[in-house]
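The values are calculated or read from the model by the stated rules, or taken from the named source; none is laboratory data. Everything quoted here is computed from the prediction, not taken from an experiment. Methodologically, a virtual Cβ is constructed for each residue, glycine included, from the backbone with ideal geometry; neighbour enumeration extends over all protein chains shown. Heads up: the accessible areas ignore ligands, DNA and RNA and are worked out on the full protein's heavy atoms, side chains in. Shrake-Rupley method; radii C 1.70, N 1.55, O 1.52, S 1.80 Å.
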Amino acid sequence: MKVNDEGIVERGDWLSITPVRGIEKLAIGKTMEQVPKIASRVCGICPIAHTLASIEAMEASIGCEIPKDAKLLRVILHAANRLHSIALHNLLILPDFYIPGTEKKFNMFAKEEPARSVAARIIRLREIGQTIGAIAGGEAIHPSNPRIGGMYRNVSPLAKQKMADLAKEGLVLAHEQMEFMLEVIRNMQSLEYIDVAGKQIPIPKTLGYHNQGVMATSPMYGSSSLDENPTWDPSRWKETRPWEWYMGEVTIDLEDPSYPIGGTTKVGTKANPQMEACNSVPTYDGQPVEVGPRARLATFKNFTERGTFAQHIARQMEYPDCLYTILKCLDSLNTSGRVVADKIPQGDGSMGWAANEAPRGTDIHLTRVKDGKVLWYEMLVPTTWNLPTCSRALTGAPWQIAEMVVRAYDPCVSCATHMIVVNEEDKVVAEKLLQW
């Protein structure tokens, strides 16, 4: 971050320096059944979204339509995962916030109220989401039931009833948790200052604002190139190399040892965002875009609030939608219905893509499949889209609360790491940076 004399961020560069997973190269030459399992391992936070986006990209490439009941099970799995993710994010952000009516921040490990009851409710919501996901998907982490052509198996009537009972319980808890979180967020939004390491830091009313656009393909599930009217267009997407976006080499000349935890980077340290970045910069219609809950609500539900607090508010508003979606799908689910396509083509190399509206935003996988083998593969995950947009959203924030801006995006940076920098001769550039 470049910070002015008043401690306000003039420019923020948020980039990934985690090790490259190499998923897109690993996919080449593998069977279309293998790749979704590989893609789901890119990260431990978003495996459901990657599994579904990858499988549906394969189906889009080969032109395979799946049965209705298979799609219903996938949507149930997706909504259950989003429910679990929202609850998990509540645990991660609450220590940033004050207990309403007090000057005391949340300690989610405290035995006292309200933390004890809130933590219990969050844990139960996560459990409900994971259990429904395990029933519909086979497992709650790396789902084994989704497959090319639909699902391996349908659920029993008893399993359907169990999911419905859990969803009804979860709906009550989700409404309670949403109202609680909205009170907490609105309380913080009304404050003028926040305490950071014993210092009073002003909270700008425009915290996290940016001038980039938003992108979303659906309020809940997603879209693919098989749709009659796809809601994403690959011709409007372009990727930019990191050195065309980030700052060049800089020397750190401001540090604060009191900043939690462990202080800031030491003065004199060299940094080179252009060369250290392990992520590309995707653009849509020529500009970076925000993806995620606020983007979905702005696109489909006329949500007009902006900035960091709007991100949090929008995420809480998605709580009940997860349960309503699950219950609606269960009402339509025929437990005796087919869940595997009658014919699964092997592909002629046509390009197909699928977008899954993951908890963090639009997760797009693109592929070409020929004779059952993957010829080309690309992943445009939510944090890849959000890295450059959040970089600009840091502008105007006191540097001490820049982390709050980043946390609002619920980043999953390991998913977004997929670039190795090469030169014109395809030789790796800055090899030492990649040897950890």
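Label-to-label distance for D195 and E183 is 2.1 nm, based on points extended 7 Å past Cα in the beta-carbon direction.
If R0 is taken as 60 Å, the Cβ-Cβ distance between S156 and D253 corresponds to a FRET efficiency of 0.40. Taking each residue as 0.36 nm, the span from Q34 to E10 lengthens on full extension beyond its C-alpha to C-alpha distance by 4.1 nm. Computed from label points 7 Å out along Cα-Cβ, the spacing between T206 and E139 is 4.8 nm. Considering only L171, V184, A416, the residue lying farthest towards the positive end of the dipole of the chain is L171, judged by Cα position with unit charges set on Cβ.
In terms of its C-alpha gyration tensor, the stretch 66-150 has a prolate overall shape, because the principal axis ratio a/c (a ≥ b ≥ c, square roots of the eigenvalues) is not below 1.5 and a/b outweighs b/c.
Among the trypsin sites (Lys or Arg not before Pro) in the stretch 281-345, those located in a DSSP loop and surrounded by at most 14 other Cβ atoms within 10 Å of their own Cβ are K301, K343.
Remark: the stretch 81-86, residue by residue, has Karplus-estimated 3J(HN,Hα) of 5, 5, 4, 4, 5, 4 Hz, where x stands for each Gly or Pro and the curve is 6.51 cos²θ - 1.76 cosθ + 1.60 at θ = phi - 60°.
The mean sequence separation of alpha-carbon pairs under 8 Å and at least six residues apart, normalised by the residue count of the chain, gives a relative contact order of 30 percent.
Projecting each Cα onto the charge dipole of the chain (Lys/Arg +1, Asp/Glu -1 at the beta carbon, about the Cα centre), which of F300, P47, T18 comes out farthest on the positive side? Looking along the dipole axis, the top candidate is P47. How big is the gap, in Å, between the Cα center of the stretch 34-82 and the Cα center of the stretch 90-145? Their Cα centres are 25 Å away from one another. So how exposed is D227, as accessible area in Å² (1.4 Å probe, rounded to 10)? Accessible area of D227: about 60 Å². Placing dummy labels 7 Å off each Cα toward the beta-carbon, the span from V20 to E169 is 4.7 nm. Comparing Cα centroids, the stretch 319-353 and the stretch 250-283 end up 44 angstrom apart. Ordering of 79-90, 380-391, 98-109 by packing is 380-391, 79-90, 98-109, highest average first (other Cβ atoms within 10 Å, averaged per residue). Over the Cα atoms of the stretch 137-196, the radius of gyration divided by the Kirkwood radius equals 1.28; this is the Rg/Rh ratio. Can you list the HN-Hα couplings for the stretch 160-166, worked out from phi with the Karplus curve (6.51, -1.76, 1.60; θ = phi - 60°), rounded to whole Hz and with x for Gly and Pro? Result, rounded to whole Hz: 4, 5, 4, 4, 5, 4, 5.
Since only L375, L323, Q161 are under comparison, the one whose Cα sits farthest along the positive direction of the charge dipole of the chain, derived from C-beta charges on Lys, Arg, Asp and Glu, is Q161. For T231, the residues whose amide H sits under 5 Å from its own are S224, ignoring neighbours fewer than 5 places away on the same chain, with H placed 1.01 Å from N. A Förster radius of 22 Å combined with the Cβ-Cβ distance from R236 to M351 puts the calculated FRET efficiency at roughly 0.90.
Using R0 = 30 Å, the C-beta based FRET efficiency linking K105 and V267 works out to 0.55. Here the chain is treated as a Stokes sphere of Kirkwood radius computed over C-alpha pairs; at 37 °C and 0.692 mPa s its diffusion coefficient rounds to 145 µm²/s. Backbone geometry of the stretch 112-122 corresponds, through the Karplus equation with coefficients 6.51, -1.76 and 1.60 at θ = phi - 60°, to 3J(HN,Hα) couplings of 7, 7, x, 4, 4, 5, 5, 4, 4, 5, 4 Hz, x marking Gly and Pro. Only Lys, Arg, Asp and Glu carry charge here, each on its Cβ (+1 for the first two, -1 for the last two); on that basis the chain has a dipole of about 1060 debye about its Cα centre. Annotation: amide H of W376 within the under-5 Å range of R368, sequence separation 5 or more or interchain, hydrogens built in the peptide plane.
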